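Undergrad: Structure below; questions to follow.
What follows draws every value from the coordinates through simple rules; no lab data is involved. Everything quoted here is computed from the prediction, not taken from an experiment. A quick note on method: Cβ atoms are made from the backbone with ideal geometry, for glycine too, and the neighbour counts reach across all protein chains shown.
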Amino acid sequence: MPAQDKKIWLSPPHMGGEELYFIQQAFQENWIAPLGPNVSGFEQDIEQYLGEDKYVAALSSGTAAMHLALVLLGIGVGDEVLCQSLTFAASVNPVLYVGATPVFIDSEPNSGNMCPHLLEEAIEHRLKHGKKPKAIIAVHLYGMPYMHDEINAVAEKYEIPVIEDSAEALGSSYKGQPCGTLGNMSVLSFNGNKIITTSGGGALVTRTRALKDKSVFLATQAKDEAPHYEHSTLGYNYRMSNVCAGIGRGQMKVLADRVLVKREIFDKYALFFETIAGVSPFKTYDATAYSNHWLSVILINEEETAGKTPAMLMKAFDEVNIESRPLWKPMHLQPLYKDCLYFGLGVSDRLFKTGLCLPSGTGMVEEDYNRIFGVLTSFFK
Ligand SMILES: *Cc1c(COP(=O)(O)O)cnc(C)c1O
């Protein structure tokens, strides 16, 4: 296949080289199971990365981690959970798994994440109706830290726990604190296109060993201590496999480098768009936020680009086999969630309409960049 036809993916897996070593070890020792030395080794690697007093349970997906977080908080039928509307459905679907109801909150324009003012408005509204929300799910979209101090102030004022969806933000930080350590519990994902991957996987980050142990207990079918299989609690099959965790151990060795490259990719785009009217790269709002720039996002104001839209640019990329992608379609606009309460001012609708995620693979080479910037140049200039 000629090089110019080779697909450039949005954010493909990028192996570091040592992954196979850990997988081979798993094969040699026959630890082909959802437990083993790679699982605990991978957990330790992440715990070390996140800092003191963080406990990590490696799971089969980020979605599973979100589900367990809700279960651990005792959320169930009839409860309400405050959710960021602009996100991937996996942030929210577990709310339905436990029989609870999401209440959607719009974004603020700085980070594109949950608006603290609308969050407070929603809480006041629900309290007036005698319904105290049980949790807040805030997301760091595309690696951009949400406005933690403001969100946290509201959460503390009303004493509502925060589940931090850090699936896209491993390697980001807020005021020097790593994303994945900011909520009462935090969710990580190692799906194929995330900043590091285990092919598929996730983790729940807790603040106590007891909660981690409980997560692992629930994730391995909740077997009580007995010589036979005894169950007094509803369990799940959510543990990460030792083979996948081997990939994770290799990937942890290159995480810091992947973050630097993602940020370089964003800088390349930002430099290019300096001279293009109507296109703004979605930058961090101030120096408190450090983004891993998992995906580089631009916003296009078609009034200033002579009618050029994100959809048109996406098509131009697609014609030469380059993947780009619209922003997440807000949950309050999804058929599945159309009947849910929503507190908003149209910010996430606008971000969805004007945004585009550009190719952000850390394995891209000179030739790939040339193709991408070739498309951007002929499209905008
Ligand atoms: C990927 C992702 C998830 C879910 O993670 P999986 O490992 O794919 O289940 C949750 N939330 C957000 C914001 C994500 O991007």
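Undergrad: According to the Cα gyration tensor, what semi-axes, each the square root of 5 times an eigenvalue, does the equivalent ellipsoid of the chain have, listed from largest to smallest in whole Å?
TA: Working: eigenvalues 230, 161, 56 Å².
Working through the eigenvalues yields semi-axes of 34, 28, 17 Å.
Undergrad: Could you calculate the contour length gain from residue 345 to residue 257, that is, 0.36 nm times the residue separation minus the distance between their Cα atoms, to one decimal place in nm? If you can, show how the numbers build up before the last one.
TA: Working: separation 88, 0.36 × 88 = 31.68 nm, distance 3.81 nm.
27.9 nm is the gain from fully extending residue 345 to residue 257.
Undergrad: With the Cα gyration tensor of the range 225-374 in hand, convert its eigenvalues to equivalent ellipsoid semi-axes via √(5λ) and list them largest first in whole Å.
TA: Details: eigenvalues 267, 123, 48 Å².
Each semi-axis is the square root of five times an eigenvalue, giving 37, 25, 15 Å.
Undergrad: How far apart, in nm, are the 7 Å Cα→Cβ label points at residue 320 and residue 124?
TA: 5.2 nm
Undergrad: In Å and from the alpha-carbon atoms only, list the Rg and Dmax of the range 305-381.
TA: Here Rg and the maximum Cα pair distance are 15.7, 48 Å.
Undergrad: On to the next question. Set Lys and Arg Cβ to +1 and Asp and Glu Cβ to -1, take the dipole of the range 19-254 about its Cα centre, and tell me which of 130, 228, 170 lies farthest positive.
TA: 228
Undergrad: A further question follows. Only counting other Cβ atoms within 10 Å, I'd like 327, 295, 20 sorted with the fewest neighbours first. Walk me through the numbers before you get to the answer.
TA: Working: 327 23, 295 26, 20 12.
Arranged by neighbour count, lowest to highest, 327, 295, 20 become 20, 327, 295.
Undergrad: Treating only the Cβ atoms of Lys and Arg (+1) and Asp and Glu (-1) as charged, compute the dipole magnitude of the chain about its Cα centre; round to the nearest 20 debye. Let's see the in-between values first.
TA: Working: 33 positive and 43 negative charges, 81 e Å.
The dipole of the chain has a size of about 380 debye.
Undergrad: Now for a separate question. Per residue of the range 279-295, in order, report the coupling 6.51 cos²θ - 1.76 cosθ + 1.60 (Karplus, θ = phi - 60°) as ³J(HN,Hα) in whole Hz, putting x for Gly and Pro.
TA: 3J(HN,Hα) across the range 279-295, in whole Hz: 10, 10, x, 7, 8, 5, 6, 7, 6, 6, 9, 10, 9, 6, 6, 3, 10.
Undergrad: Mind giving me the FRET efficiency for residue 131 and residue 7? R0 is 51 Å, r the Cβ-Cβ distance, nearest 0.05 is fine.
TA: On the way: r = 48 Å, r/R0 = 0.94.
Computed FRET efficiency for residue 131 and residue 7 comes out at 0.60.
Undergrad: Now a separate question. Sorting check: for 189-202, 149-162, which peptide has the highest mean count of neighbouring beta carbons within 10 Å, and how do the rest follow? Numbers along the way, then the final one.
TA: Details: 189-202: 23.3, 149-162: 16.3.
Descending packing order for the listed peptides: 189-202, 149-162.
Undergrad: Still on this structure, please answer the following. Please compute the contact order of the chain in relative form: average sequence separation of alpha-carbon pairs under 8 Å and at least six residues apart, divided by the residue count, as a percent.
TA: RCO, the chain: 24 percent.
Undergrad: Listing 185, 240, 364 from the residue with the fewest other Cβ atoms within 10 Å to the one with the most, what is the order?
TA: Working: 185 22, 240 28, 364 19.
Ascending number of Cβ neighbours within 10 Å: 364, 185, 240.
Undergrad: Shifting gears a bit: Can you sort 140, 129 from fewest to most other Cβ atoms within 10 Å of each residue's own Cβ?
TA: On the way: 140 32, 129 9.
Fewest-to-most Cβ neighbours within 10 Å comes out as 129, 140.
Undergrad: Can you bin every Cα-Cα distance in the range 141-221 into 5 Å intervals starting at zero and give me the percent of pairs per bin, rounded to whole numbers?
TA: 3, 15, 22, 22, 19, 13, 5, 1
Undergrad: If you keep only loop residues by DSSP, which GluC sites (Glu not before Pro) in the range 40-75 have at most 10 other Cβ atoms within 10 Å of their Cβ?
TA: Values: sites: 43, 47, 52; in loops: 52.
Filter output for the range 40-75: 52.
Undergrad: If I stretch the segment between residue 311 and residue 175 completely, what's the gain in nm (0.36 nm per residue apart, minus their alpha carbon distance), one decimal?
TA: Working: separation 136, 0.36 × 136 = 48.96 nm, distance 3.53 nm.
Stretched out fully, the residue 311 to residue 175 stretch lengthens by 45.4 nm.
Undergrad: On to the next question. What list of ³J(HN,Hα) couplings, whole Hz, do you get for the range 302-315 from phi and the Karplus terms 6.51, -1.76, 1.60, once you set θ to phi - 60° and write x for glycine and proline?
TA: Once rounded to whole Hz, the list reads 5, 5, 9, 10, 6, x, 6, 10, x, 4, 5, 5, 4, 5.
Undergrad: Further, regarding this structure: For a Förster distance of 45 Å, can you work out the FRET efficiency between the beta-carbons of residue 117 and residue 377, rounded to the nearest 0.05?
TA: Numbers: r = 40 Å, r/R0 = 0.89.
Computed FRET efficiency for residue 117 and residue 377: 0.65.
Undergrad: So between residue 18 and residue 32, what do we pick up on full extension, going 0.36 nm a residue minus the alpha carbon distance? Can you show the working numbers first?
TA: On the way: separation 14, 0.36 × 14 = 5.04 nm, distance 1.81 nm.
That works out to 3.2 nm of additional length.
Undergrad: Quick one: what are the phi-derived ³J(HN,Hα) couplings along the range 75-87, Karplus 6.51/-1.76/1.60 with θ = phi - 60°, whole Hz, x for glycine and proline?
TA: Working through the residues one at a time gives 7, x, 3, x, 7, 10, 10, 7, 10, 5, 6, 7, 6 Hz.
Undergrad: Looking only at the range 41-72, which residues have a backbone nitrogen under 14 Å from a spot 7 Å from the Cα of residue 208 in the C-beta direction?
TA: Output list for this probe position: 54-55, 72.
Undergrad: Related question: Within straight cross-link reach of residue 223, meaning Cα distance under 28 Å, which lysines are found once same-chain residues fewer than 8 apart are removed?
TA: 54, 134, 212, 214
Undergrad: Given the options 296, 147, 99, identify the residue whose Cα lies farthest towards the positive end of the charge dipole of the chain (+1 on Cβ of Lys, Arg; -1 on Cβ of Asp, Glu).
TA: It is 99.
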